[in-house]
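Q: I have a structure I would like to understand better, so I am pasting it below and will then ask my questions one at a time.
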Amino acid sequence: MKENIIIRKATIDDLDKVQKLNEKLFLREFKKFNKFLNVKWTFSEKGKKYFEGLIKNDFVYVATMDNIIVRISGRMYS
């Protein structure tokens, strides 16, 4: 079976999914490496503004498979 993976620039409509994937990463990092991470930050007001800014003004790409975002890539730090 051939999977069609499409890589595209993220739009503001992708914000929630980008945040959800980042939250998964934060939870993994928290459990395995860094108990000092604020795992609630991603969906805080600061986190939302941060990701909105990245999507609108910076480098965020998403990989989609069957119109579902499965990965994010980009400059996720400032």
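Q: Would you mind telling me which numbered condition in (1) of a type in the set (Lys, Arg); (2) over 25 Å from Glu3 (Cβ atoms); (3) at pLDDT 90 or above Arg75 fails?
A: (3)
Q: Does Tyr50 meet the test of being assigned to a helix (DSSP H, G or I), surrounded by 11 or more Cβ atoms within 10 Å (Cβ to Cβ) and under 13 Å from the mean Cα position of the chain (by Cα)? Steps first, answer last, please.
A: Values: assigned to a helix (DSSP H, G or I): yes; surrounded by 11 or more Cβ atoms within 10 Å (Cβ to Cβ): yes; under 13 Å from the mean Cα position of the chain (by Cα): yes.
Taking the combined requirement at face value, the residue satisfies it.
Q: Now for a different question. Could you check the stretch 21-40 and list, in sequence order, the residues that are surrounded by 14 or more Cβ atoms within 10 Å (Cβ to Cβ) and of a type outside the set (A, V, I, L, M)?
A: Across the stretch 21-40, the qualifying residues are Asn22, Glu23, Phe26, Phe30.
Q: How about the stretch 1-22: which of its residues are farther than 16 Å from Ile55 by Cα and in contact (Cβ under 8 Å) with a residue 12 or more places away in the chain?
A: From the stretch 1-22, those farther than 16 Å from Ile55 by Cα are 1-6; that's our starting set.
Correct list: Glu3, Asn4, Ile5, Ile6.
The values are calculated or read from the model by the stated rules, or taken from the named source; none is laboratory data. Source: prediction; values computed, not measured. FYI the Cβ positions are ideal-geometry reconstructions off the backbone, even for glycines, and counts take in every protein chain you see.
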